[in-house]
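Undergrad: Can you keep this structure in mind? I'll have questions shortly.
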Amino acid sequence: MFITQVHEEIINFIATANPAQVATFRPSEAANRRIEDLVAKEKETGLTSEEKAELDHYFVLEYLMRLAKARAYQLFNGA
């Protein structure tokens, strides 16, 4: 597994975050643009195997952050 800018952002954020910060986390504009570019390229011309792996990693990270946010909301609201 390779570490991208988005991986680094999420790893650093979760390592130093509190529930309120987790609940409101958003990736950087650069990270969002990269994901959008990969999705568009996938639809238009297809991806290389490396790009496909990168996009798959982004989807896994998005899933993990959704889970972390759900947990953060529970902790933040005392549930």
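Undergrad: What is the spread of the Cα atoms of the chain along each of their three principal axes, largest first, in whole Å?
TA: Answer, in whole Å and largest first: 47, 21, 20 Å.
Undergrad: Moving on. With a 1.4 Å probe and all protein chains left in place, how much accessible area per residue does the chain have, in Å²?
TA: 70
Undergrad: Using a basic spin-label model with each label point 7 Å from the Cα along Cα→Cβ, how many nm lie between Asn77 and Gln21?
TA: Calculated label separation equals 2.3 nm.
Undergrad: Ignoring ligands, DNA and RNA, please state the percent of accessible area on the chain from carbon and sulfur, probe 1.4 Å.
TA: 57
Undergrad: Among Ile35, Ser49, Tyr73, which residue has its Cα positioned farthest towards the positive end of the charge dipole of segment 10-79, with +1 placed on the Cβ of Lys and Arg, -1 on the Cβ of Asp and Glu, and the dipole taken about the Cα centre?
TA: Toward the positive end, the furthest listed residue is Tyr73.
The values are calculated or read from the model by the stated rules, or taken from the named source; none is laboratory data. Quick caveat: nothing in here was measured; it's all calculated off a predicted structure. We place every Cβ from the backbone using ideal geometry, glycine too, and count neighbours over all the protein chains shown. What goes into the accessible areas is simple: the full protein's heavy atoms, side chains included, and nothing from ligands, DNA or RNA. Shrake-Rupley method; radii C 1.70, N 1.55, O 1.52, S 1.80 Å.
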